[in-house]
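Input: a single structure, listed below in structure tokens.
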Amino acid sequence: MNKMMKVDKRPERQFRRENTIWLLLGYAIVLSLMLVAFEEIKRNKILLSQMMDGQVIEEDIDVMRLTSEQRESLLAECGGVNMPVYAGEHRIPGIAYAGQVGPVRVKRVRCTTTVRVAKEDPEEIIYEIVDNMPDFPGGQAALMKFLAKNIKYPVIAQENDVQGRVIVQFVVNKNGRIVGAKVVRGVDSALDVEALRVINSMPDWKPGMQHGKPVRVRLTIPVIFRLR
């Protein structure tokens, strides 16, 4: 009886031994896969760190083609670029070539482009509003009296019963003289011409003042034509 029991336990022990072997083999395979995965992750992290340290950034760049004159001007302004010349089959006499092909070394230079903006000449500035506006000799009342006295109503306009208001724009310069007179809203060609004539015949004004200095000022006044 005891002999039969010993025979029955041998297959069971052999099965347990084989099961343990396969279990250990499975653990070994899983550990190997995990090690490979960790190595891959570590390698990717190293590559990413190198890229970030080197500031490697790839993006689409619009390339602007320069003419030879623009290229020479830019190089002259930036102080030139230090770059070795590679030796080749075609050589130019009098030029020293590098003996072997190697990495291109570019000297970093700080290049700034100066844009020259033309300053506006104060003489050309025409103001609309200033500290002290130009003044007709004697004031506003004297101006209206001057216009009424000096307007010569065109005969053709009288015959055709043409009347109205002509708006004239002009500039009082630093000397008080009237310049650049023009009609901005007319009524009739005859009346427009007469309005310009009267405006241009005005005496010198007191010039406008800005920050204590005489300046050019643009004014607009109406010239009224009315038949009685």
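No value in this document is a laboratory result; all are computed from the given coordinates. From a predicted model like this one, the values you see are computed outputs, not experimental measurements. Counting neighbours? That spans all protein chains shown, and the Cβs are built from the backbone with ideal geometry, glycine included.
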Practice task
Would you tally the net charge around A157, using a Cβ to Cβ cut-off of less than 15 Å, leaving A157 out, and scoring K and R as +1, D and E as -1?
Solution key: 0
Handout entry: Nitroxide proxy distance, nm - points 7 Å out along Cα→Cβ at E124 and I167
Key = 2.7 nm
Problem - Protection proxy ranking of 220-228, 188-196 - average other beta-carbon atoms within 10 Å, highest first - result: 188-196, 220-228
Problem - Ordering of 165-172, 24-31 by packing [mean C-beta count within 10 Å, highest first] - result: 165-172, 24-31
Problem - Within segment 178-209, backbone nitrogen closer than 16 Å to the virtual label 7 Å beyond the Cα of K152 toward Cβ - result: 190-202
Exercise for the section: Tabulate in residue order the Karplus-calculated ³J(HN,Hα) for segment 164-177, using 6.51 cos²θ - 1.76 cosθ + 1.60 with θ = phi - 60°, rounded to whole Hz; enter x for Gly and Pro. Expected result: x, 10, 9, 8, 10, 10, 8, 10, 9, 7, 5, 8, x, 7
Problem - D135 paired with V193, simple spin-label distance in nm, labels 7 Å along Cα-to-beta-carbon - result: 3.7 nm
Problem - Computed over segment 132-228, Kirkwood Rh from alpha-carbon pairs, angstrom - result: 14.0 Å
